[in-house]
Structures are given as C-alpha cells and as structure tokens.
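Chemist: This is the structure I want to talk about, given as structure tokens.
The values are calculated or read from the model by the stated rules, or taken from the named source; none is laboratory data. Since the model is a prediction, treat every value here as computed from it, not as a measurement. Cβ atoms come from the backbone with ideal geometry, glycine included; neighbour counts cover every protein chain shown.
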Amino acid sequence: MKVGLVTTRYATALYELARDKGAVAAVTADVERLPRDLSNGELFDARVPEAEKRKRLEAIASKSSPLFSNFLHLLFQKRRLAILRELPDAFRRCALADRGAVEGIVESPRPLGQGELAELQITVKSVLGKDVILEQRANPELIAGVRVFVDNRLIDQSALGRLEGLERRLRTARV
C-alpha cells in the first residue's frame, strides 16, 4: 500500500519514541489492532459529529498503551485522524528499516516454491545490501522470469523486460 509523506513522518516519530521508551512491542500490538478498531469508518466520516468521534477514539485509547493513547489524542487535536488509515503499513516499514530490511513484491508467471523465493531474496539482498521480505504475486502476462519491486526500484528479469532492454540497446547503438 502506498503511504503518504505526512503519515510516514508521524509513524517514524511514533516508532522512534516507542523505541526510546522501550515500548515497541506494546505500540506494535496497538497499531496491528487498529484496522479492526477502525473497521466501521466512523472516525473518517464527515457526517459524524466531533463529540461522537472523540467518544469512539476514547474507546480505542482506553485499551491501548499510554504512549499510543497519547498519540491518538494528538492526532485528534491536530485533526489528522486520516493518518490512522495508513499507519499500520507505515509503522511496519519503520520497524523493518530499523532492522535493516525492506519489503518487496515479486511477480512471476507461476507461484514460486519456498526454495526459489529464498534464493531470490538472497540475490536481491546482494544487490541492495538489505534484508528483503518478498510477497509473491502471479502475473500470467509474464512468459518467463520475474519482476521484483523493492525499495522504489524495479529489477526486471522477465523475458519481456529483457527483450525490451535489447530493443532499446539496438535502437541506440551506432552502426
């Protein structure tokens, strides 16, 4: 999921504060529970009065850690509740970055086996210098090979990608 710049900044601040206070596990649990708590969408509906939103937010904050509860109150005061939609993804990325890892997506014409996926993760790690956690997606349009989207980069080792690269080189080559 795409995460906005403002959400990334808030998530980074929350993660760093939780790390400094030694509360990463508690805040992670609160952030992971957030999508279930927000499933009805009341906090984001403009037709819902502010008093009702505050009541709903207080219910979520009451079962959260003190640090995350304060964070929720800050978002309410700053009128930034929309950040809560993207917060789980942004917070997970902060935790991965702290470990020196990134998430990525691998597209292939067929599902990859565990061994193939592990080998691909090692190869991508050698290119990026970071641990990589890959999610698989089947793309029947690819004839052969794989495409890896990771860390705002595309590593295209598909048959189509290689043919397009060859065509570009041939078009720009001097004869």
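Chemist: Taking the residues in the stretch 151-175 that are of a type in the set (Asp, Glu) and in contact with a strand residue (DSSP E or B) (Cβ under 9 Å, 6 or more places away or on another chain) as candidates, determine which candidate is farthest from residue 99 (Cα to Cα).
Modeler: 164
Chemist: Search the stretch 137-149 for residues being among the aliphatic types (A, V, I, L, M) and modelled with pLDDT of 85 or more, and hand back the single one that is farthest from residue 127 (Cα to Cα).
Modeler: 138
Chemist: Go through the stretch 29-85 and report how many residues are basic (Lys, Arg) and surrounded by 15 or more Cβ atoms within 10 Å (Cβ to Cβ).
Modeler: Going through the stretch 29-85 one residue at a time, the tally reaches 4.
Chemist: Kindly list the number of the only condition in (1) without any contact (Cβ under 8 Å) to a residue 40 or more places away in the chain; (2) surrounded by 15 or more Cβ atoms within 10 Å (Cβ to Cβ); (3) under 22 Å from residue 101 (Cα atoms) that fails for residue 148.
Modeler: With (1) without any contact (Cβ under 8 Å) to a residue 40 or more places away in the chain; (2) surrounded by 15 or more Cβ atoms within 10 Å (Cβ to Cβ); (3) under 22 Å from residue 101 (Cα atoms) applied to residue 148, the lone miss is (1).
Chemist: Sort out which residues of the stretch 99-125 are without any contact (Cβ under 8 Å) to a residue 40 or more places away in the chain and acidic (Asp, Glu), and write them in order of number.
Modeler: Selection gives 116, 119.
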